[in-house]
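*Asks:* The structure under discussion is supplied below as structure tokens; questions concerning it will follow.
The values are calculated or read from the model by the stated rules, or taken from the named source; none is laboratory data. A quick note: this is a predicted structure, and the numbers were derived from the prediction, not measured. Every residue, glycine among them, receives a Cβ derived from its backbone with ideal geometry; neighbour counts consider all protein chains shown.
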Amino acid sequence: MEQPATRSKVSSGLLSRAAAVLAVLAAPLLDRATWPVQVPPSPPPTFIVEPGFQRFAIPDCVPRRGDEASREVCRAITQVLRADLQFENLFKFVPQSLMSAIPTMDPEAPNFTDWKGVGASVLVVTRAQVTGGEATVEVRVHSVDTGQAMLAKRYSGRTDNPRIFAHQASDDIMTLTQYRGVARSKIAFVSDRDAVPGRKTKEIYIVDYDGYNPRRVTVNRSLNILPNWSPDGRSLAYVSYRRGNPDIFLAAIYEGRSTDLTGDKGGAAFAPSISPDGKRIAFASSRAGNMDIWVAGVDGSNPRRLTSTGSLDTAPTWSPTGQEIAFTSDRSGTPQIYVMDTEGLNVRRLTTVGNWNDAPSWNPSKQFSEIAYTARLEGGGFDIAVVDIATRQVRQLTQGRGSCEYPSWAPSGRHLTFACGRGSKWQIAVADRLGQTITMLPAGPGKNEQPDWGP
Amino acid sequence: MFRRLNVAGLVLVLAASLAAGCGGKKRPPAVATGAGAESGRTLPSEVPQPVETGPDVRAVDTEGARGEDFTMSDPETGEGGPLEDVRFEYDSAALTDQARSTLEKHALWLQNHRDAKVLVEGHCDERGTVEYNLALGEKRARAARDYLASLGVASDRLRSVSYGKERPLDSGSNESAWARNRRAHFAVSR
């Protein structure tokens, strides 16, 4: 798996080196990426796409062969790549009606004058073919002005989920910006879709960021809740009642192993949150009598209690630096969000508006110093709000969707997920960080809740 | 013939007293239910009165006090059971007067059913976050558990767990559903 931190460092570092990089522009790149094994994110991108100004043209993928399998893969690539790049919320797009006016082009030699004519500044050409059960997909990204290829990639892999080629291509195209793409990221969530009849069991699932490709993680037919991704995307911390008591487990999801982190310490342990460096885990536990915030090694070693006020302290979330923890406490009489350092010191209250502010999620991008949380506003329902840490200004993201709860940021910090509903009808939603577009995910049957957006 | 019957009767009585077993004598007579209790109750009429009875015979000739065949909670789900739920106010883990009097009845019942163990489950209504309700449910379960302990129920017979808002009794979204869901439930097992 790719390391998110590495990748964003690479691209932001490049911003300052843009001039030096211009020299490389002359040589179009064609590197072969074979899924699922990924090529390291090098050579570095050769062009920085400025968000907001670029108008992308993404014409239909051209099958290299006329067979149905190749056409099928191509249809998926076109549809998913457009959706992925639109979701990034950074670019404008040439409408399909205008693109269809352009004569069929030779993918090897697009007529850039045509594309300039419809206002495109970036042209994404895709081709695909299926041979012997394996799909090969080529993606070229051209600057319409210069005609030069900013990026050229060839992907190959199984044909059973062609969406993954488009997701990978979208994330690769995003390396041309200073932002990290979201298309390969996944969301973990809780569902009762496989509940044992007569028992209110819940299991943990993961799904692609767009709601497709759901997969079940836990199979213990108990109550499993509150999933939390490790930063490398290979593990999920979660709470399971498999021993009758809420305890925290860590599942290596690609190996199918699960480790007990909190052991038989008595009391409840829940709300796990793994630190940005993946080495520590914060959680809430009543093992010392009161509900407090604890921090341990990610293997459960050396648990330390950080709060001890006698109030209910829950829902820890790490700052992007890993040096602070935000959490919920009712020490003032109502649940409010507080921030402290990882020694449990320098505690300060962050939310002041409203009488119930809970379930904080710290934006993992250092670019945005803000915390999303669940707020009860006028009218009694719950909604998602975001507080700016410096100014304490609050913006409300949701309204009139029943209750919306449990926000969790995408690794890029530019989007977030949460669950909306009431009673037994809950679904996962995704939104941009300003809440301008809120989409309910087709995450499948059942009551779907407690989403956690992972790498 | 008479003598033989008498012996058989004595054996029956002895067997019944043995079956009553440990602790049976210390217990106040409990409400007898189930098959064992019924056979115990019919014993006296089947025992012909001997000509000379001693106090020891009378001593074993007590009510069949094996009344432990109580209804238990579903072992899988913990639902149902002999002890009614205790309800809470919104966003509160404080025991109301009503809750206390219910718990006092439960304590009495537990004194009469010494085999019974209780898992006190704290539950919440759907309003509020998952995490907060887990903490609140824990507080509710502990409040009910601690009150039972203060009434003399041995702490090794009591455990508590919070389910927060994860296992509502009523999946509705209205005041009456919420009121039913803000509860301590008592999963009884042996």
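*Asks:* Pick out the one residue from B:Asp156, B:Asp170 that is among the charged types (D, E, K, R) and within 22 Å of the chain's Cα centre (by Cα).
*Replies:* Exactly one residue qualifies, and that residue is B:Asp156.
*Asks:* Let me ask something else about it. Do we have any residue at all in the range A:158-180 that's buried (at least 23 other Cβ atoms within 10 Å of the Cβ), among the hydrophobic types (A, V, I, L, M, F, W, C) and closer than 21 Å to A:Pro364 by Cβ?
*Replies:* Yes, because at least one residue in the range A:158-180 is buried (at least 23 other Cβ atoms within 10 Å of the Cβ), among the hydrophobic types (A, V, I, L, M, F, W, C) and closer than 21 Å to A:Pro364 by Cβ.
*Asks:* Same structure again: Run down A:Gly300, A:Gly263, A:Gly289 and say which single residue is within 14 Å of another protein chain (Cβ to nearest Cβ), in a loop (DSSP other than H, G, I, E, B) and not hydrophobic (A, V, I, L, M, F, W, C).
*Replies:* That would be A:Gly289, the only listed residue that is within 14 Å of another protein chain (Cβ to nearest Cβ), in a loop (DSSP other than H, G, I, E, B) and not hydrophobic (A, V, I, L, M, F, W, C).
*Asks:* Then there's this: Within the range B:109-128, which residues are surrounded by fewer than 20 Cβ atoms within 10 Å (Cβ to Cβ) and modelled with pLDDT of 90 or more?
*Replies:* B:Lys117
*Asks:* Then there is this: Quick one: A:Ser275 ticks every box in (1) away from every other protein chain (no Cβ under 12 Å); (2) among the small types (Gly, Ala, Ser); (3) surrounded by fewer than 15 Cβ atoms within 10 Å (Cβ to Cβ) bar one, so which box is it?
*Replies:* Every listed condition holds for A:Ser275 apart from (3).
*Asks:* I'd like to verify a number: residues in the range A:324-348 that are within 11 Å of chain B (Cβ to nearest Cβ), β-branched (Val, Ile, Thr) and over 25 Å from the mean Cα position of the chain (by Cα), how many?
*Replies:* Qualifying residue count, the range A:324-348: 1.
*Asks:* Residues of the range B:127-186 being of a type in the set (Gly, Ala, Ser), under 25 Å from A:Cys404 (Cα atoms), within 10 Å of chain A (Cβ to nearest Cβ) and in a helix (DSSP H, G or I), which ones?
*Replies:* Listed by number, the residues that qualify are B:Ala135, B:Gly137, B:Ala177.
For every residue, the table says whether it meets (1) in a strand (DSSP E or B); (2) surrounded by 14 or more Cβ atoms within 10 Å (Cβ to Cβ); (3) at pLDDT 80 or above; (4) in contact with an Asp or Glu (Cβ under 7 Å, 6 or more places away or on another chain).
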| residue | (1), (2), (3), (4) |
| --- | --- |
| A:Leu14 | no, yes, no, no |
| A:Val21 | no, yes, no, no |
| A:Gly66 | no, no, yes, no |
| A:Arg75 | no, yes, yes, no |
| A:Arg82 | no, yes, yes, no |
| A:Pro107 | no, yes, yes, no |
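*Asks:* Out of (1) β-branched (Val, Ile, Thr); (2) crowded, with 24+ Cβ neighbours inside 10 Å; (3) outside the structural domain of B:Ser176 (by TED's automatic domain parsing), what's the single condition that is false for B:Thr77?
*Replies:* (2) is the only condition that B:Thr77 fails.
*Asks:* Quick test for you: out of A:Asn346, A:Asn302, pick the one residue that is closer than 18 Å to A:Thr262 by Cβ, free of Cβ contacts under 8 Å to residues at least 24 places away in the same chain and either buried (at least 24 other Cβ atoms within 10 Å of the Cβ) or polar (S, T, N, Q) (or both).
*Replies:* Going through A:Asn346, A:Asn302 in turn, the sole match is A:Asn302.
*Asks:* Can you tell me which residue among A:Thr131, A:Thr201, A:Thr146 is crowded, with 16+ Cβ neighbours inside 10 Å, among the hydroxyl-bearing types (Ser, Thr, Tyr) and over 21 Å from A:His415 (Cα atoms)?
*Replies:* Going through A:Thr131, A:Thr201, A:Thr146 in turn, the sole match is A:Thr201.
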